[in-house]
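What follows is a single structure, written as structure tokens, with notes after it.
The values are calculated or read from the model by the stated rules, or taken from the named source; none is laboratory data. Computed from a predicted model, the values in this text were never measured in an experiment. Using ideal geometry, Cβ is built from the backbone for each residue, glycine included, and neighbour counts are taken over all protein chains shown. Heavy atoms of the whole protein, side chains included, go into the accessibility calculation; ligands, DNA and RNA do not. Shrake-Rupley method; radii C 1.70, N 1.55, O 1.52, S 1.80 Å.
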Amino acid sequence: MIPRLLGAYINRQFLINVRHIIRFFIAEIQTLWQFVTMSYPKSESVSGPSDSEVPPTEPSVPISYPIKTLQELESRSYFQSFHYPFNKASVPINGNGNSSSLPNRRRLLVCHDMAGGYLDDKWIQGGTNPDAYAIWHWHLIDVFVYFSHTLVTLPPPSWTNAAHRHGVKVLGTFITEWDEGRAACDTLLSTKETAQMYAERLAELAAALGFDGWLINMEVNLDQDQIFNLKEFVDHLSLTMHSSVPGSLVLWYDSVTVDGKLNWQDQLNEHNKPFFDICDGIFVNYTWKEDYPRLSASVASDRKFDVYMGIDVFGRNTYGGGQWNVNVALDVLRKNDVSAAIFAPGWIHETKQPPDFATAQNSWWGLVEKSWGVPQKFPGVLPFYTNFDQGRGYHISVDGDNVSDASWCNMSCQGFQPLLGSADPTNSIQVSVDLKEASYNGGGNITFRGSLEDQTYFERKIFQGEFLLSELPIHFIYSVKSDGNSSLGLKLEFTSTSNQRASILLTSHAVNHFSSNFSKVIMTREHKGLSSGWVINEGVVAMNGYTLSEIHAVCYRSDSPFNEIRYQHRSTGNDETLAPPSNYFALLGHITMKTSDYKSDFPMSSSWQVEGSCIKWTSDPLGSKTLDVKISWELKNGNNYLFLKYNLYLVKLSKQARTTFEDVKEYLGVAEVNCFYVSDLDIPSDTSSLKFIIQVCGVDGTIQELDESPYYQLEVEGS
């Protein structure tokens, strides 16, 4: 009874006032803590390198960070930052077909708001936390907003790259709050010219950094005479964004009204519609009532899909209660055919939902999928490549070779994600992305583990899409690592213009006992990978005029002699143990689809201009050194857009006879832009020269041979 009585008084404004008080005390505690610890060196961050307060113009480990003041925004100082070139997203949005506009249907927007933002994801070149927050259910999402309570929130490029790879638009946030927010609005809205100027600064940032627009959240009371310039700001930002970034979005948050009052409406109505009319949509506050979606759709008329009704996952007065009841609100929005805006799905990670993050994440998004459906499909463009990487893990592989056993996180590395969802305990085989199992490229895989009898098979859908095949045959390449006679193939589902269906099985072994279940069986060409255990399968499919709609993994047993010895505990060791004949285990490492005439033509090493800058040597009394250096590269003809990823390796040259240890290539990391910053690199005393190799990666997953890759050679100081 008492909570119900309190509910009448605990509204959005009350919660904001409480947050204001809490933030004040936190700020005071942080100030006191800084005073106490200012004499001591800063410890290393749990998620990455040292996060010391370095002037942004000085070389340091590249990070993503927001813009805190209008002065910084106006002066364009961000573009003079050392970190700016590292913060550019490199992956163009990979939508279905050639359209850059949002689909004409109800949509799902996800607003990040993960513990204030800029945590593990701020480390552009990757952090060290394998349990970092990530999203891999992009097939359910249309728009992603990166949110924090700072004036100008710039999305880290890792989120933009991952979202774009899945056809999802990414927005930054412009927010004004509290007294400093009101002061910023007084400057921003002082004249029509200032409103336009700041709008142009925001559009310039989005275009330069490669994201797709802005969420505008004015959470302050304004004077009535400031509304004209506020409308000018929103209108000019929308027009400027549309001209500089085709398909971009500017969304208005349901906060201040046209009379200047900070008064959340929880619906689209006459008090906020004037802002809705001059931008691309409205993010409605999350305390709406059951009838508000229908009323909002009526007001929006033919723009009802541009109304995004908010749902707070933390459940703060949100319809349905959020949390594990998020589907309650989604069901109402689906019934009224308006869009949804899910706020703070990081609740799963922040509150440590059991039993573990990945399981809870899959279960929670499973509720969303069951209610909302699956709007996104895999891209209808070739080449199509995925290594199932989630952007975090415990090791990194390149073409089946394990190059690093360090734990890591980097959303930029996330591959196109399969449709796995939550586990079904009734299945004989469990399917998951197991980060501790072997990977073929990056740190991901699809793991198939369970039991399977002879003469049977198990299949699981992993992708769906709408890819129309042309006259050119399509090459399918996929890697498999399995135990004994556990075998893995791919089932391809096709539809014709006359709605005829066909299924093709790609398999490396004869499957006479169930081949009649498929329209056609194509035997793949099988060859061993560069690394022990991985097998590469290649098959050619010609289905001119058909649309590839689904890809399934098919688990079965080959007819080859059964090998009783299996690796049962791969994630904890290499102990061999006997397993019953029904045990099944296989890993799917990657899938590539490309036309028969596609080939990754890597430029010769001499085609690149490679430079080192910001070189800093630090010596210790024993003769060893550490090095900081920024390495940059570009094609001399300027066609750098052809490549979106580079692996960085280091080879050290010894003083003795100046011999190279070519077999000792130290993996340094991955770059998504044409530069990489090496920091605190230990240089043994007998090293005379350093060779930094930039391995170029093709969009089809192929990589350039290391001895043919561009490199930068640096003589060790004083050697």
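Key figures for this structure:
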| quantity | calculated |
| --- | --- |
| Filter result for ALA203 (open to solvent by 40 Å² or more (accessible area, probe 1.4 Å), farther than 25 Å from TYR292 by Cα and either modelled with pLDDT of 95 or more or of a type in the set (Lys, Arg) (or both)) | no |
| Residues within region 348-370 that are within 19 Å of LEU420 (Cα to Cα), part of a helix (DSSP H, G or I) and of a type in the set (D, E, K, R), tallied | 2 |
| Set SER64, SER47: member being modelled with pLDDT under 95 and under 21 Å from the mean Cα position of the chain (by Cα) | SER47 |
| Condition check for ASP179: among the charged types (D, E, K, R) and over 30 Å from the mean Cα position of the chain (by Cα) | yes |
| Lone unmet requirement of (1) part of a loop (DSSP other than H, G, I, E, B); (2) open to solvent by less than 30 Å² (accessible area, probe 1.4 Å); (3) under 20 Å from LEU548 (Cβ atoms) for LEU472 | (2) |
| Residues of region 143-192 satisfying the condition of being touching a helix residue (DSSP H, G or I) at 6+ places or on another chain (Cβ under 6 Å), of a type in the set (A, V, I, L, M) and assigned to a loop (DSSP other than H, G, I, E, B) | VAL168, LEU189 |
| Test: residue in region 415-434 that is among the aliphatic types (A, V, I, L, M), in contact with a Leu (Cβ under 9 Å, 6 or more places away or on another chain) and either open to solvent by 20 Å² or more (accessible area, probe 1.4 Å) or in a loop (DSSP other than H, G, I, E, B) (or both) | yes |
| Conditions (1) open to solvent by 30 Å² or more (accessible area, probe 1.4 Å); (2) touching a Pro at 6+ places or on another chain (Cβ under 6 Å); number of the one not met by THR153 | (1) |
| Region 361-405 - residue that is touching a residue at least 12 places away in the same chain (Cβ under 8 Å), open to solvent by 20 Å² or more (accessible area, probe 1.4 Å) and of a type in the set (Asp, Glu) and, of those, farthest from ASP597 (Cα to Cα) | GLU369 |
| Residue count for region 348-360, restricted to those that are open to solvent by 10 Å² or more (accessible area, probe 1.4 Å), touching a residue at least 12 places away in the same chain (Cβ under 8 Å) and farther than 16 Å from ASP434 by Cβ | 2 |
| Residue pairs meeting the criteria (Cβ under 9 Å; at least 6 apart or on separate chains; first at pLDDT below 95, in region 258-285; second surrounded by fewer than 23 Cβ atoms within 10 Å (Cβ to Cβ) and polar (S, T, N, Q)) | none |
| Residues within region 393-414 that are under 13 Å from VAL670 (Cβ atoms) and assigned to a strand (DSSP E or B), tallied | 8 |
| Selected residue (only one of LEU215, LEU154, LEU205, LEU171 is in contact (Cβ under 8 Å) with a residue 40 or more places away in the chain, of a type in the set (A, V, I, L, M) and out of contact with any strand residue (DSSP E or B) (no Cβ under 6 Å at 6 or more places or on another chain)) | LEU205 |
| Count of region 509-552 residues which are at pLDDT 90 or above, closer than 17 Å to LYS594 by Cα and either open to solvent by 40 Å² or more (accessible area, probe 1.4 Å) or among the acidic types (Asp, Glu) (or both) | 6 |
| Unmet requirement for ASP628, which otherwise passes all of (1) over 30 Å from PRO379 (Cβ atoms); (2) open to solvent by 30 Å² or more (accessible area, probe 1.4 Å) | (2) |
| Of all residues in region 553-569 being among the aromatic types (Phe, Trp, Tyr) and not in a loop (DSSP other than H, G, I, E, B), the one that is modelled with the lowest pLDDT | TYR567 |
| Some residue of region 637-652 being farther than 28 Å from THR128 by Cα and either in a strand (DSSP E or B) or hydroxyl-bearing (Ser, Thr, Tyr) (or both) | yes |
| Extreme residue, nearest to SER470 (Cα to Cα), among residues of region 570-592 that are modelled with pLDDT under 95 and aliphatic (A, V, I, L, M) | ALA579 |
| Hey, PHE448 over 24 Å from GLY366 (Cα atoms), of a type outside the set (Val, Ile, Thr) and under 29 Å from the mean Cα position of the chain (by Cα) or not | no |
| Selection within region 478-502 - surrounded by fewer than 17 Cβ atoms within 10 Å (Cβ to Cβ) and not polar (S, T, N, Q) | ARG501, ALA502 |
| Qualifying residues in region 241-252 (those that are on the phi < 0 side of the Ramachandran plot and of a type outside the set (A, V, I, L, M)) - the one surrounded by the most Cβ atoms within 10 Å (Cβ to Cβ) | TRP252 |
| Output for region 174-187, where each listed residue is open to solvent by less than 10 Å² (accessible area, probe 1.4 Å) and either touching a Ser or Thr at 6+ places or on another chain (Cβ under 6 Å) or more than 16 Å from GLY260 (Cα to Cα) (or both) | PHE174, CYS185 |
| Enumeration of residues in region 327-347 that are out of contact with any Ser or Thr (no Cβ under 8 Å at 6 or more places or on another chain), β-branched (Val, Ile, Thr) and touching a residue at least 40 places away in the same chain (Cβ under 8 Å) | VAL332, ILE342 |
| Failed item, numbered, when ALA344 is tested on (1) closer than 30 Å to SER298 by Cα; (2) touching a Leu at 6+ places or on another chain (Cβ under 9 Å) | (2) |
| Test: residue in region 479-501 that is assigned to a strand (DSSP E or B), touching a residue at least 24 places away in the same chain (Cβ under 8 Å), closer than 23 Å to ASP401 by Cα and among the charged types (D, E, K, R) | yes |
| Test: TRP288 is within 28 Å of TRP159 (Cβ to Cβ), more than 27 Å from the chain's Cα centre (by Cα) and not acidic (Asp, Glu) | yes |
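Yes/no matrix, rows are residues, columns are (1) at pLDDT below 95; (2) of a type in the set (Gly, Ala, Ser); (3) open to solvent by less than 70 Å² (accessible area, probe 1.4 Å); (4) more than 25 Å from ASN674 (Cβ to Cβ):
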{"position": "LEU622", "(1), (2), (3), (4)": "yes, no, no, yes"}
{"position": "SER632", "(1), (2), (3), (4)": "no, yes, yes, no"}
{"position": "LEU644", "(1), (2), (3), (4)": "yes, no, yes, no"}
{"position": "LEU650", "(1), (2), (3), (4)": "no, no, yes, no"}
{"position": "SER654", "(1), (2), (3), (4)": "yes, yes, yes, yes"}
